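What follows is a set of notes on a single structure, which appears directly below.
The values are calculated or read from the model by the stated rules, or taken from the named source; none is laboratory data. What you see is a predicted model; the values in this text were computed from it and never measured. Keep in mind that these areas ignore ligands, DNA and RNA; they rest on the heavy atoms of the full protein, side chains included. Shrake-Rupley method; radii C 1.70, N 1.55, O 1.52, S 1.80 Å.
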Amino acid sequence: MNPVSSKRRANRWNGGGPLFGLLWKELRHIRRDPRTLAVVLALPVVQVVLFGYAIRTDVDHVRLAIVDPSPDETTQALRARFEGAGVFDITAVVPRTEDLDRLFQSDVVQEAVVFEHDFGAKVRSGGPAQLLIVTDGVEPNTASLFQAYAQAVVGSYVGPDTPAGPDSSRAAAARLKPGAAINARVVTRFNPTRESKNLFVPGLMAFVLTIISSLMTAISLTREKETGTLEALLVSPLRPWSIIIGKVFPYLVIGFIAACGVIAEGRLIFQVPLRGSLTLLLADALLFILTSLALGILISARTSSQRVAMMAALLATMLPNILLSGFIFPVESMPVLLRVISYAVPGRWFVEIARGIMLKGVGLTYIWPQTLALVAMSVVLLAASMRSFNARLE
């Protein structure tokens, strides 16, 4: 900007009184900090998009398993009802109920329909035939919807006013005797009392640890950048990786202590079960803290002020961890684009790990993909952080 024209414009504003002079000063300050302006303008837009698409109570793509010890035309017809309901995706068909443990623990299925032996023959003879609906109760509200949909499908099969559907379903329904009944019993696994605290406490671990690690690290390093002490560190004999370790380690210890405190509170105050290994849970918590710290360091290396660092950390960590991690809203009900984006959110993987260990009692055999995802994110973010510091040093 031409200094003469800027001075003339400032004099013109000052001629309108002190208020106009103050307004001109603020406008110039905003123009000198375009990153803050971009974050302030982008934050509401991103929030509306995330909240608008993530806060959904719709239920679809329910992963369903069928236990059918004696398959026949009747069970095939009822399975066709589930497939045609537009809500369920049949991901496994097994002959024994013993096979469900592995499917539920590995999160392959969210619900299972178990036919009793000779189910079709009992239905055709007038019944009553027995049917069991088993639901993953880690998310209580969603589990209730799953059960309601499953019961509605079963009821539509024997209901007189419901269209018969596919040809196989029509043929089976035509042979039902008057008064034929199906007794559907409902069982909720992992959270039989459907208490919401069992859902939220593991998710709160990810939220709290994110605040401690990413946000505080980003602000701390940016503060040193503003005061000039970071420049002194960069020209010292210390290597960039040494600076990063020195900055990360104290917050890593603080985060680990906080994780222990959250787990203790969950057990002692909220009586959240811990069915799996405490050591494995703490190890994965430490890995998640390291990932969040690396993200905070990367944000601080790319920003110039504490205000911008705080807004960037808020946008990059807190909102995605609340909305896209499955902490509150199930990822399965989100649009495809948000489900894809959620794979890049560290909180999603840790929420699955925490719920799996605490509520399902699973071991590393079942959660190794989530653990590996956190390891990969940590390596990538730490490498990007060191590269940013190297670029700054040059």
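Summary table
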quantity: Additional length obtainable on full extension of the chain from ALA344 to LEU364, 0.36 nm per residue less Cα span; calculated: 5.1 nm
quantity: Full-stretch length increase - VAL187, ASP101 - with 0.36 nm per residue and alpha-carbon distance subtracted; calculated: 29.6 nm
quantity: Interchain or long-range residues, amide H under 5 Å from VAL67's placed H; calculated: VAL94, VAL113, VAL114, PHE115
quantity: Gained length - GLN271 relative to LYS197, 0.36 nm times residue gap less alpha-carbon distance; calculated: 25.8 nm
quantity: Base-10 log of normalised Debye intensity for the stretch 294-333 (one unit scatterer per alpha-carbon) at q = 0.24, 0.27 Å⁻¹; calculated: -0.72, -0.81
quantity: Radius of gyration and Dmax over the Cα atoms of the stretch 53-131, both given in Å; calculated: 14.0, 48
quantity: With all protein chains modelled, accessible area of ILE269 [1.4 Å, Å²]; calculated: 100 Å²
quantity: Phi to ³J(HN,Hα) by Karplus 6.51 cos²θ - 1.76 cosθ + 1.60 over the stretch 219-225, Hz, x for Gly, Pro; calculated: 5, 4, 5, 5, 4, 5, 5
quantity: Share of carbon and sulfur in the accessible heavy-atom surface of the stretch 186-344 [1.4 Å probe, %]; calculated: 72 percent
quantity: Exposure rank, largest accessible area first [SER277, SER213; 1.4 Å]; calculated: SER277, SER213
quantity: Relative pair counts by distance (%), Cα atoms of the stretch 290-376, 10 Å bins; calculated: 16, 42, 32, 9, 1
